[in-house]
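Enquirer: Sharing a structure, written as structure tokens. Questions coming.
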Amino acid sequence: MDRVVLVARLKPGVRDRAEALLTDEYGRLHEDRFQRGAVFISESEVVFLLEGEDAYETVRTILDDPVESAMISHWLPLFDGPLHRAREAHSWEN
């Protein structure tokens, strides 16, 4: 299973709006296209963890397609800088 992590810095004071987006159908990032996912929100960042077969290719397809990438457009005004991929540097299982 592939894992993709996307990270964006949040503008000051938008954490509540970011959390509200998660309950809105327009704030959910193609949940049906991945086997598993999670969104982490701090005061200053949002992290999207997306897992599934070919997750990396699925993310690339979504972000490269003008229609599909519209799903992320509701998040863009909250970002203070670009959404970027974080490389997995270490993982473990017990």
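The values are calculated or read from the model by the stated rules, or taken from the named source; none is laboratory data. No experiment lies behind these values; they were computed from the predicted model shown. Don't worry about glycine lacking a Cβ; one is built from the backbone with ideal geometry, like all the others, and counts go over all protein chains shown.
Enquirer: Applying the selection to segment 19-43, what residues are closer than 27 Å to His90 by Cβ and of a type in the set (Gly, Ala, Ser)?
Expert: Of everything in segment 19-43, those that are closer than 27 Å to His90 by Cβ and of a type in the set (Gly, Ala, Ser) turn out to be Gly37, Ala38, Ser42.
Enquirer: Pick out the one residue from Val46, Val39, Val59, Val7 that is in a helix (DSSP H, G or I) and touching a strand residue (DSSP E or B) at 6+ places or on another chain (Cβ under 9 Å).
Expert: Working: Val46 fails: in a helix (DSSP H, G or I); Val39 fails: in a helix (DSSP H, G or I); Val7 fails: in a helix (DSSP H, G or I).
The unique qualifying residue is Val59.
Enquirer: How many residues does segment 62-85 contain that are assigned to a loop (DSSP other than H, G, I, E, B) and closer than 23 Å to Asp16 by Cβ? So that I can check it myself, show each step before the final result.
Expert: Within segment 62-85, the first condition is being assigned to a loop (DSSP other than H, G, I, E, B), and the residues that meet it are 65-67, 75, 80-83.
From the residues that got through so far, the ones that are closer than 23 Å to Asp16 by Cβ too are 75, 80-83.
So the answer is 5.
Enquirer: Of the conditions (1) in contact (Cβ under 8 Å) with a residue 40 or more places away in the chain; (2) surrounded by fewer than 12 Cβ atoms within 10 Å (Cβ to Cβ), Leu6 clears all except one; give me its number.
Expert: (2) is the only condition that Leu6 fails.
Enquirer: For Leu78, which of the numbered conditions (1) surrounded by 16 or more Cβ atoms within 10 Å (Cβ to Cβ); (2) under 29 Å from Glu93 (Cβ atoms) fails to hold?
Expert: (2)
Enquirer: Still on this structure, I have one more. Report every pair of residues separated by at least 6 positions or lying on different chains whose Cβ atoms are under 9 Å apart, first residue within segment 66-77 and free of Cβ contacts under 8 Å to residues at least 40 places away in the same chain, second of a type in the set (S, T, N, Q).
Expert: Pairs found: Glu68/Thr61.
Enquirer: Out of segment 10-34, which residues are at pLDDT below 90, in contact with a Leu (Cβ under 8 Å, 6 or more places away or on another chain) and part of a helix (DSSP H, G or I)?
Expert: The answer is Gly27, and nothing else.
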